Amino acid sequence: MSAAKKPTHVVEDELALDDFVKRIRRAEGQMGGILRMVEEGRSCEDIVNQLAAVSKAIDKAAFSLISAGLKECLTDGKRNHEEVSAQLQKLFLTMA
């Protein structure tokens, strides 16, 4: 008995992907800054504030990627658009 294959969608919108990559690279830079703060002995408050900022940046990146996927799925009219939409909506809710 084989397991049912999950519907998948790969975002093709180059602008959306570029935006996502920029957001993730910015978060990556923020993480490097947080590591330096720890190494320099900065206050817990400063570090936690930066952790909160990077967390929000990653969340926004995830939301933008899911949003682009939903938009493509709904406008492309693919055969499995209802299944993919449901999967993307589920991903969206995991971020909420």
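The values are calculated or read from the model by the stated rules, or taken from the named source; none is laboratory data. What you see is a predicted model, and the numbers here were worked out from it, not measured in a lab. As a convention, Cβ positions derive from the backbone with ideal geometry for all residues, glycine included, and neighbour counts pool all protein chains shown.
From the list Asp59, Asp46, Asp18, which residue is modelled with pLDDT under 95, touching a helix residue (DSSP H, G or I) at 6+ places or on another chain (Cβ under 7 Å) and of a type in the set (D, E, K, R)? Working first, answer last.
Working: Asp46 fails: modelled with pLDDT under 95; Asp18 fails: touching a helix residue (DSSP H, G or I) at 6+ places or on another chain (Cβ under 7 Å).
Matching residue, one of Asp59, Asp46, Asp18: Asp59.
Quick grid of which residues meet (1) crowded, with 17+ Cβ neighbours inside 10 Å; (2) within 29 Å of Gln87 (Cβ to Cβ):
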{"residue": "Phe20", "(1), (2)": "yes, yes"}
{"residue": "Ile24", "(1), (2)": "no, yes"}
{"residue": "Ala27", "(1), (2)": "yes, yes"}
{"residue": "Glu40", "(1), (2)": "no, no"}
{"residue": "Asn49", "(1), (2)": "no, no"}
{"residue": "Lys56", "(1), (2)": "no, yes"}
{"residue": "Lys60", "(1), (2)": "no, yes"}
{"residue": "Ile66", "(1), (2)": "yes, yes"}
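May I ask you to list pairs of residues, at least six apart or on different chains, whose Cβ atoms are under 7 Å apart, with the first in region 40-68 being assigned to a helix (DSSP H, G or I) and the second being surrounded by 12 or more Cβ atoms within 10 Å (Cβ to Cβ) and among the acidic types (Asp, Glu)?
What qualifies is Ser64/Asp19; Ala68/Asp13.
Which residue pairs have Cβ atoms under 8 Å apart, sit 6 or more places apart or on different chains, and have a first residue in region 69-90 that is closer than 14 Å to Glu12 by Cβ and a second that is modelled with pLDDT of 75 or more and of a type in the set (D, E, K, R)?
Lys71/Asp13; Glu72/Glu12; Glu72/Asp13
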